Amino acid sequence: MPAIGEIPENIFLLNALDVIGETIIIADSSYTIRWMNSEACRLMNEVAPLYGMLDCGEMIGMNMDDFHERPSHQKQVMQKLTGVHRTRITIRNQVMTDIVIAPIMNNSDEPEGYIVMLMDVTMQAEEQKRSAQLIKELSIPILNIWDKTIALPLIGNFDRNRTDQLIATVLMECSEKQIEYVLIDLSGIKEFENQVRYQIQMMNDTLNLIGATCILVGISPKLAMSIVQLDSKTPIFSTAHEGLKHIMQLQAK
């Protein structure tokens, strides 16, 4: 559907583009950058040093090809462009962004310029930090299963780094929510080697120091054979159901 209505005479179109709040760049038909709004300039001030420039002002007059590792490929894409083109790009391995390019067609349906918008801009370091945090959160699921009781279903490898991370997270959870019982489900651990035994023991001792009780559940017959060296005072059950029932009995006393 074509645009309808008329722009009021007192409204300048470039001013309208400047207040949208999105990163907008306009290039001519030869892909030369001619204008950018204040939001684009703010972003490009951060990008400019990556290209040896002082600020966004130096980018006016540059060709869009100068920002691409494969300019010939970029030209092929632009020459075939008849509608909106969307893709995700990385700028000098530092900035990640979704880019939207649309041709500005004249009355003869030929491009007389291009409008470029950069959306969801994220610095690479921020993206890596966010991804690392997400992995952390996924690797340590903490479930609130009962009054003052949490459960930790352990899955996969259980090394020293993961133990340290787990202990720090659990201690914070216990402190903030006054947790008294920590039910650790080992059904996802297939091999219970000496290193894993040491990590479990260390976590058990740490919880005891803050007054929380560690309860191990999900013990397979194979694990039961190798787990006997753990602190004999640590409650151990074959299923989470039995472990939770034990906690409920303790709380009822």
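The values are calculated or read from the model by the stated rules, or taken from the named source; none is laboratory data. Computed from a predicted model, the values in this text were never measured in an experiment. Note that we place each Cβ from the backbone using ideal geometry, even for glycine, and neighbour counts take in every protein chain shown. Keep in mind that these areas ignore ligands, DNA and RNA; they rest on the heavy atoms of the full protein, side chains included. Shrake-Rupley method; radii C 1.70, N 1.55, O 1.52, S 1.80 Å.
Numbers below:
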| quantity | calculated |
| --- | --- |
| Residues being under 14 Å from Asp185 (Cα atoms), assigned to a helix (DSSP H, G or I), of a type in the set (A, V, I, L, M, F, W, C) and at pLDDT 85 or above - total across segment 199-246 | 2 |
| Any hit, segment 44-60, residues being within 14 Å of Val121 (Cβ to Cβ) and of a type in the set (S, T, N, Q) | yes |
| Segment 20-37 - residue that is at pLDDT below 90 and surrounded by 10 or more Cβ atoms within 10 Å (Cβ to Cβ) and, of those, nearest to the chain's Cα centre (by Cα) | Glu22 |
| Residue check, Val84 of a type outside the set (Phe, Trp, Tyr), closer than 23 Å to Glu112 by Cα, at pLDDT below 85 and exposed (fewer than 15 other Cβ atoms within 10 Å of the Cβ) | no |
| Residue within segment 191-198 that is modelled with pLDDT of 80 or more and either in a strand (DSSP E or B) or in contact with a helix residue (DSSP H, G or I) (Cβ under 7 Å, 6 or more places away or on another chain) (or both) present | no |
| Any hit, segment 107-121, residues being assigned to a helix (DSSP H, G or I) and within 16 Å of Thr23 (Cβ to Cβ) | no |
| Qualifying residue in segment 71-94 (condition: at positive phi and more than 30 Å from the chain's Cα centre (by Cα)) | no |
| Matching option when the condition is open to solvent by less than 70 Å² (accessible area, probe 1.4 Å), aliphatic (A, V, I, L, M) and either in a helix (DSSP H, G or I) or over 17 Å from Met119 (Cβ atoms) (or both), among Leu43, Leu54 | Leu43 |
| Search result, residues across segment 1-32 that are in a loop (DSSP other than H, G, I, E, B) and touching a residue at least 60 places away in the same chain (Cβ under 8 Å) | Glu22, Ser29, Tyr31 |
